[in-house]
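Here is the structure we will look at, set down as structure tokens.
The values are calculated or read from the model by the stated rules, or taken from the named source; none is laboratory data. The structure presented is a predicted model; accordingly, all values stated were derived computationally and were not measured. Cβ placement follows ideal geometry from the backbone for every residue including glycine, while neighbour counts extend to all protein chains displayed.
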Amino acid sequence: MNPLFRGLVVWLALSCAACVSLSETQRNRAASIAVAARSHVVDCSAPNACAQPSPLRELSDRAVAESTTQAPRHYALILDRGSDALLARINLIRSARSRIDVQTYIFDKDDSARLVLDELLAASRRGVKVRLLIDQLSAIPDLGILAALSGSHMNFEIRIYNPSFRKAKLNYFDYAGSVLCCFRRFNQRMHTKLILVDAAVGITGGRNYQDDYFDWDAEYNFRDRDVLVAGPAAREMAANFETFWTARRSIPVERLNDVGRKLLKEGVPAMPPDAFLRPDRVAALSAEASDQAQVRERLAQAAMPVGAVKYIADLPQKHRRERPANAAPAVPELKTLIAGARSEVLIQTPYLVMSDAAQDLFRELRQRKPPPQVTVSTNSLAATDNAVVYSMSFKYKRRYLREFGFRIYEYKPFPEDAPVDYAALMPDGPPIEIRERFRGPSGSIGPSYGSTGAGETTRRLQRTESRPSFLSSGAASEPLPLKRAGVRLGLHAKSMVIDNRIGVIGTHNFDPRSENYNTESAVVIDDAAFAQALAASIRRDTSPENSWVIAPRAKPPVLSGLDYSLGKVSEALPLFDLWPWRYATSYQFKPGPDCPVPVPSNDPAFHRCYEAVGDFPEVNVGPKWLYTRLLTAFGAGLVPIL
């Protein structure tokens, strides 16, 4: 960027920020307005705040009763289905007896987010202390709602983490000025996700508060995963949340410039009325959350008894490059687990882009005799919400396959056997002819029914967690156009299994951004039964119905060595990686008499049992293909912030 233009952008951003910045006196007045407006009416006088009985909340009581100091007991529940993840949250909120803490990266105002928000407010009115902490870049995008929340109830508090220019909402000049003048701080985001009830039961994992994380969007949904943990480890979650809540970068929403100005001008507005796109679906889930028998059958009965559980999580000090002696930072802990693997590392990540340190770690694993097998489940270009990140994964496939020995599976945009209720994505369910035509081998309804037009797209979303980058905003970050219509899925789960013995579910994407910029968290469970259940969930996503296999191309009859050498040299260049023939491509399993079951890519029968389907299967090849190839050629310098 031209230095003069850069200086102009920074000057304009800072000037605009100065124009709307409140003085400390004004901030105090705004805060006083919010505090004075807060209701002190509590609807319940019972000691337990009229908490609803909950089989999930009872798991903690059982765990505590069964625990000793030397032998802690926990119950852990893998939440694969979006509908179950939302049901668990609503049920737990209603079961809270004293406090609820929510920490998240994204909190929207669509159906699922508004349902959760309404439940949090209802809990505060019956006497539960509620604290909501949201990262600024993805906080509730409505100043009216934020102002209303600031003065809603004495038991409800909301803070924004790391607000640039001390604002809740940023405009283009705010973004530009933040990136150009304060790049590192602007990129330091709170990616930690947690909902914690009574410091007894916690849920963490990949899901934010937006319809596409709960299978409620009619256009694109994330195949995600959370874990519910009940037992003593919840106290570790509570302690970590407390450090974020009291951190200097966590600002009460009423003390932000734009929200404060609204309060000074208008006072505390009324909460906007609910405007659910699918009120029937909201009402149905709300009813299910109060049906204890259903919650017990769908969720609580599937919880697994486990022993020691470790909550590893970054602290805000990561953003100041400080590390308290008693901290359990996520990245070093995860690397230690990987380094200790003996037979297999099974990883699921939406964004397969590795830092130099991570690459060194996997090179060392590869040099062992015998090396542990590393299997990776990740997104295809057709499924990803971030083509920029995928382009870097595409660039280094030769390295991942040949040097590191990875087995890579890329998720399809229309998986046939995903843990999702396909019918629930459409108001009236898929028509019978569509349902039968696309019924998958497991009996699940297949993907293409969205082309009937019966679904309704919620809205145009920015569906990416790399928003601080200019290249990941707007059209560049939207899911790519495909060759066929449908409600597509994109992988968003962040999980790992070590030696079929240790299971990890959390927020870490195993990428440079998670390592260097974002705060992250994860639950580590050293229990063979839990680890095997998690591994089965991941392997389901790598099945031929749901993923393509990434493998080396069949060698050309002539000049194969020269082609490989030139491709390797081109890949190593930070710029001008223009060699058109890539080392690997995507393959689809072809079952038959000679190929009854899938085989790994190093099996001699692989090329007989699999057919190549191209570098970018399902993608409607066009300008986006060229865009991806250009990023592959010139975008290596972006890796540290992806």
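None of ALA36, ALA46 is assigned to a loop (DSSP other than H, G, I, E, B), more than 33 Å from the chain's Cα centre (by Cα) and either surrounded by fewer than 24 Cβ atoms within 10 Å (Cβ to Cβ) or not assigned by TED's automatic domain parsing to the domain that holds PHE244 (or both) except ALA46. Restricting ALA239, ALA293 to residues that are closer than 21 Å to LEU59 by Cα, modelled with pLDDT of 95 or more and more than 27 Å from the chain's Cα centre (by Cα) narrows the list to ALA293. Scanning the range 279-290 for any residue that is part of a loop (DSSP other than H, G, I, E, B) and not hydroxyl-bearing (Ser, Thr, Tyr) turns up nothing.
The set of residues in the range 149-167 being over 21 Å from ILE90 (Cβ atoms) and either modelled with pLDDT under 95 or outside any strand (DSSP E or B) (or both) consists of SER150, GLY151, MET154, ASN162, PRO163, SER164, PHE165, ARG166, LYS167. When you look at ASN500, is it farther than 29 Å from TYR161 by Cα and surrounded by fewer than 22 Cβ atoms within 10 Å (Cβ to Cβ), yes or no? Here the answer is yes, as ASN500 does meet what is asked.
If the condition is being surrounded by 19 or more Cβ atoms within 10 Å (Cβ to Cβ), part of a strand (DSSP E or B) and not small (Gly, Ala, Ser), then the range 350-402 contributes VAL374, THR375, VAL376, THR378, ASN379. For SER290, the conditions (1) more than 29 Å from GLY82 (Cα to Cα); (2) in contact (Cβ under 8 Å) with a residue 40 or more places away in the chain; (3) exposed (fewer than 15 other Cβ atoms within 10 Å of the Cβ) are fulfilled apart from (1).
Residues considered: ALA65, ALA31. Of these, the only one that is in the same structural domain as ASN171 (by TED's automatic domain parsing), surrounded by fewer than 16 Cβ atoms within 10 Å (Cβ to Cβ) and more than 32 Å from the chain's Cα centre (by Cα) is ALA65. Do we find a residue being surrounded by fewer than 21 Cβ atoms within 10 Å (Cβ to Cβ), of a type in the set (A, V, I, L, M) and at pLDDT 95 or above anywhere in the range 122-138? Taking every residue of the range 122-138 in turn, at least one turns out to be surrounded by fewer than 21 Cβ atoms within 10 Å (Cβ to Cβ), of a type in the set (A, V, I, L, M) and at pLDDT 95 or above.
Every residue, every condition in (1) surrounded by fewer than 21 Cβ atoms within 10 Å (Cβ to Cβ); (2) in the same structural domain as LEU149 (by TED's automatic domain parsing), yes or no:
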position: PHE244; (1), (2): no, yes
position: VAL253; (1), (2): no, yes
position: LEU256; (1), (2): no, yes
position: ALA270; (1), (2): yes, yes
position: LEU277; (1), (2): yes, yes
position: ALA313; (1), (2): no, no
position: GLN317; (1), (2): yes, no
position: ARG320; (1), (2): yes, no
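Identify, please: which residue in the range 574-600 is aromatic (Phe, Trp, Tyr) and in contact with a strand residue (DSSP E or B) (Cβ under 7 Å, 6 or more places away or on another chain) and is, among those, modelled with the lowest pLDDT? Filtering the range 574-600 for residues that are aromatic (Phe, Trp, Tyr) and in contact with a strand residue (DSSP E or B) (Cβ under 7 Å, 6 or more places away or on another chain), the one modelled with the lowest pLDDT comes out as TYR583.
Across the range 70-116, the number of residues qualifying as touching a strand residue (DSSP E or B) at 6+ places or on another chain (Cβ under 8 Å), among the aliphatic types (A, V, I, L, M) and in a helix (DSSP H, G or I) comes to 6. Considering the range 484-500, the residues that are closer than 18 Å to ASP527 by Cα and not acidic (Asp, Glu) include one that is farthest from the chain's Cα centre (by Cα), namely ASN500. Exactly one residue among ARG225, ARG185, ARG249 is closer than 28 Å to TYR351 by Cα and buried (at least 23 other Cβ atoms within 10 Å of the Cβ), and that residue is ARG225. Among the residues of the range 68-114, those that are more than 16 Å from the chain's Cα centre (by Cα), more than 27 Å from LYS169 (Cβ to Cβ) and of a type in the set (A, V, I, L, M, F, W, C) comprise ALA71, ALA76, LEU77, LEU87, ALA88, ILE90, LEU92, ALA96. When the residues of the range 506-558 are filtered to those that are of a type in the set (A, V, I, L, M, F, W, C) and part of a loop (DSSP other than H, G, I, E, B), the one that is surrounded by the most Cβ atoms within 10 Å (Cβ to Cβ) is PHE510.
Of all residues in the range 318-335, those that are within 23 Å of ILE525 (Cα to Cα) have Cβ atoms under 6 Å from Cβ atoms of residues that are at pLDDT 75 or above and part of a loop (DSSP other than H, G, I, E, B), 6 or more apart or on another chain, in ALA327/LEU315; PRO329/ASP314; ALA330/ASP314; ALA330/HIS508; ALA330/GLU520.
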